[in-house]
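Encoded as structure tokens, the structure appears first; notes follow it.
The values are calculated or read from the model by the stated rules, or taken from the named source; none is laboratory data. Since the structure is predicted, the reported quantities are computational estimates derived from the model, not experimental observations. Backbone-built Cβ (ideal geometry, glycine too); neighbour counts: all protein chains shown. Each accessible area value is taken on the protein alone, full model and side chains, heavy atoms only, with ligands, DNA and RNA left out. Shrake-Rupley method; radii C 1.70, N 1.55, O 1.52, S 1.80 Å.
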Amino acid sequence: MRAGRLRTGLKGWGGVGAMAFACVLAVLAALLLPAVPWHGGGGGSGRDGAADDGHGATHGSQARAAQECTDPEKQTLAPSGDDGPTIDRIRAREGEKRKLIVGVDQNSFRWGYGDPNSGGDAELEGFDIDLAHRIAKDVLGDEDAVQFKAIPTDQRVPAIQDGRVDMVVRTMTINCDRLEDVAFSAPYFRTGQQVLAPKSSKITGYDGTLAGKEICTAAGSTALSTLEQDQKDGRLAEGVDLRTTVPNQLDCLVRLQLGEVDAVVTDGALAASQAAQDPTVELKGDAFTTEYYGVAMKKDADDLVRRVNRVLEQWRADRADGWQHSYEEWLSETMDDPAKSLPPTPQYLRGS
């Protein structure tokens, strides 16, 4: 992304100033709600509260992959620059509406957050925002031809299925459950679940020190589904309370700061950014899962999936203004080694 680019303003509620005091930032984020009315409830199934309303109908090779899912990060289509019906519909929008509509977060420091110096409508910036601009440039020829919509964690899948957005670029983990409802690009970031807790806490990680503690997670997140499964299978410390769930992951930081919960479990990449916002909290222990972020789209948007995968290949290869550049600009201050975060060389579905 070129320096000084005019970033598209968010259509919705105001952004959070990254340089504000951590508590003020988080409390404001918790109080402000999206202006867009959301339909459907948030669930704790790991599928972002998606309802079984027929939107998840199977489609082509992606559907077969979801049914036979073992390595979800490999269940995507080969890259292509060809146009198709989904891209044609996006390009057919007229005037000011001729934009790529992307669901994002506006409160994830360094990933998707409001520039505190922009004034007026919040101008979003961050690692995910860079990727969204890159996709818009490829599809519409203009990196600023993008409209951002704030999407709560538990509404990512419904927003795609209902057509409110063309895609979601929002630190969204590729997993087998979600592949039943949406299509994913190849992975663009590697992370894993970690524990975030006050520095003064005796919690040391995802271990027995969590016994009897109350943990906050975002509804519809992989963190919640992982913890619920581990609790069911007896792998979670005894007496852990998982009842505290929130629509947006940053709300967990608010609960932690207010002393309402003992710890937060979320992606390590997000937790590192939250620790950078609030010096009183820190990551505890190592990541206990390996997960990959992908761009999520509709099940039948094969042409758009292929196009995004081509963009991702180019983004990774671009040393001047690509993945590495965005990592250094946004994440190097909160994460120690880009080699740990770069996903492996993509693998695509056979015959796709």
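Lys-Lys pairs in the stretch 143-301 that are eight or more residues apart or on separate chains and whose Cα atoms lie under 27 Å of each other come to 10.
Place the peptides 140-148, 338-346 in order of packing, highest mean first, counting for every residue the other Cβ atoms within 10 Å and averaging per peptide.
Values: 140-148: 18.3, 338-346: 13.8.
Going by the mean number of other Cβ atoms within 10 Å, highest first, we get 140-148, 338-346.
Taking label positions 7 Å along the Cα-Cβ direction at both ASP142 and ASP336, the computed distance is 4.5 nm, reported to one decimal. Heavy atoms of the protein chains alone define the surface here; on that basis the stretch 104-189 has 21 Å² accessible area per residue at 1.4 Å probe size.
Model label points for ASP88 and HIS325, set 7 angstrom from Cα along the Cα-to-Cβ axis, are 3.4 nm apart.
When a/c reaches 1.5 or more, the comparison of a/b and b/c decides; with that in mind, is the stretch 90-237 rounded, prolate or oblate per its Cα gyration tensor? Prolate, since a/c reaches 1.5 and a/b exceeds b/c. Electrostatic bookkeeping for TYR292 treats Lys and Arg as +1 and Asp and Glu as -1; over the other residues with beta carbon under 9 Å from its beta carbon, the sum is -1. Computed from backbone phi, the HN-Hα couplings of the stretch 231-241 come to 5, 4, 8, x, 8, 9, 3, 5, x, 5, 9 Hz, rounded to whole numbers (Karplus: 6.51 cos²θ - 1.76 cosθ + 1.60, θ = phi - 60°; Gly and Pro given as x).
Of the peptides 168-180, 210-222, how do they stack up when ordered by the mean number of other Cβ atoms within 10 Å, highest first?
168-180, 210-222
Taking 0.36 nm per residue of separation and subtracting the Cα-Cα distance, full extension of the segment from GLU214 to GLU260 would add 15.7 nm.
Stretched out straight at 0.36 nm per residue, the stretch from ASP71 to THR290 would grow longer than its current Cα-Cα span by 77.7 nm. Which of rounded, prolate or oblate describes the stretch 268-352 when judged by the alpha-carbon gyration tensor and an a/c cut-off of 1.5? It is prolate, given that a/c is not under 1.5 and a/b is the larger ratio.
Here the extension length gained between GLN347 and ARG243 equals 33.7 nm, from 0.36 nm per residue of separation less the Cα-Cα distance. Cα centroid separation, the stretch 92-168 to the stretch 222-263: 28 Å.
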